[in-house]
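Just so it is clear, none of the values below were taken in a lab; they were calculated from the coordinates. From a predicted model like this one, the values you see are computed outputs, not experimental measurements. For neighbour counting, all protein chains shown are included, and Cβ atoms are generated from backbone atoms with ideal geometry for every residue, glycine included.
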């Protein structure tokens with residue numbers, strides 16, 4: 001299939017003109033033939049037109065272990081949405097009034113935006129590779145101020161995914177049929193040996209992953225109180241009920257990972273079921289997801305929703321974070337003077353005396369952190385800007401030497417600036433982040449803000 005560069009309509013292979021708008025269709029082989037031709041001849045005026053032919057391709061990253069019918073369909077929907085977004089960018093470009101002198105700048109902005117859409121597929125696609133998509137941008141030879149854009153998909157790679165998916169589905173169906181054909185041994189608990197993937201934690205012990213849990217009752221406080229427990233028949237682990245939750249109270253092997261991670265913790269039955277099937281508790285899952293998100297942010301792989309910027313942005317500059325009520329602190333020199341008086345006291349009259357001697361004084365200077373101002377801290381893709389009632393600070397990210405993280409903010413050191421600049425109270429603000437399909441409210445503490453700033457620096 002080939003997409004029309006004018007209206008984005010999908011057309012069958014072999015068509016020369018768009019069935020929707022009638023525009024001439026451009027194929028990838030036409031681009032390759034043009035690239036093999038010699039340098040275009042100069043115009044009648046002797047000025048050679050500046051042509052730019054660009055082909056943008058996604059990264060070669062795939063996750064075949066996640067390939068399934070559902071995930072493959074989701075990825076196809078994602079690629080379709082990406083194609084529509086690119087066509088919208090092209091439509092917006094074609095309808096933009098611009099001076100010929102500004103054409104190259106607008107065209108480069110369009111290329112950067114399309115490339116950003118393709119790079120975003122690295123995080124959005126579940127199993128297929130972003131390299132399956134390619135976008136070709138061609139300037140017309142006769143009119144360099146006219147561009148043609150086509151989007152194409154790697155059919156051979158698509159067919160490979162389809163064949164792999166078919167083979168997996170057939171293999172899974174064959175295994176299920178084989179399992180149904182083999183008669184079960186009445187003396188063997190087949191569920192305990194081969195529990196289903198969504199087995200309840202009572203059928204699969206979260207500690208050993210093999211045994212089942214049986215309900216037992218123990219008398220305590222001289223037989224006055226009955227306490228219900230669940231015990232594993234295989235490893236002897238004991239779970240004690242605490243209201244609606246259960247606590248892992250005893251195990252035979254204290255080196256077991258389940259005991260190290262969840263010993264003496266009261267968790268819900270759904271959490272124990274998740275642990276029994278290879279998952280985590282909600283608390284550990286949150287910690288794991290947020291650590292992975294921070295690592296991605298530090299590597300510059302997180303895409304942020306652009307907020308309304310309180311500062312004027314430069315060309316190709318986007319706002320990333322806007323934090324309010326930020327305190328700006330800076331070291332200030334403080335001088336402290338101390339002294340002492342020495343000498344005798346001579347009485348002249350009743351109630352009247354004077355001292356004879358001298359006074360020694362010592363003055364020392366040291367630095368103390370003082371709050372200088374409070375205001376709004378704005379992080380963009382190029383700068384870190386603080387705007388307060390007294391001070392305005394504009395930090396070019398390229399000149400940042402180091403960033404130190406604190407519990408409630410960061411300290412920044414940059415070129416041509418001797419004093420360290422402190423931006424505190426950032427943890428009063430929070431971000432809505434999504435990691436592995438889970439949504440979290442993440443406070444912007446020093447560690448988080450440092451990771452985001454470092455990610456922006458890596459993208460410069």
Label points 7 Å out from Cα along the Cβ direction at residue 314 and residue 124: separation in nm?
-> 2.9
Provide the FRET efficiency to the nearest 0.05 for the residue 162-residue 116 pair, computing r from the beta carbons and using R0 = 41 Å.
-> 0.90
Quote the FRET efficiency, to the nearest 0.05, computed for residue 325 versus residue 402 with a Förster distance R0 of 22 Å and r equal to the Cβ-Cβ distance.
-> 0.30
Label point distance in nm, residue 106-residue 134, each placed 7 Å from Cα along Cα→Cβ | 2.8
Quote to one decimal, in nm, the extra length available between residue 268 and residue 77 on full extension: 0.36 nm per residue of separation minus the C-alpha distance between them.
-> 65.2 nm
The exposure ranking of 335, 286, fewest beta-carbon neighbours within 10 Å first, is 335, 286
What's the exposure ranking of 280, 87, going from fewest to most Cβ atoms within 10 Å?
-> 280, 87
Residue order, fewest to most beta carbons within 10 Å, for 247, 392, 426 | 392, 247, 426
Efficiency of FRET between residue 64 and residue 261 - r from beta-carbon atoms, R0 25 angstrom, step 0.05 = 0.25
Pair residue 252, residue 364: separation of 7 Å Cα→Cβ label points (nm) | 6.6
Report the full-extension gain for the segment residue 283 to residue 53: residue separation times 0.36 nm, less the Cα-Cα distance, to one decimal in nm.
-> 77.7 nm
How much length, in nm to one decimal, is gained on full extension between residue 9 and residue 142, taken as 0.36 nm per residue of separation minus their Cα-Cα distance?
-> 45.4 nm
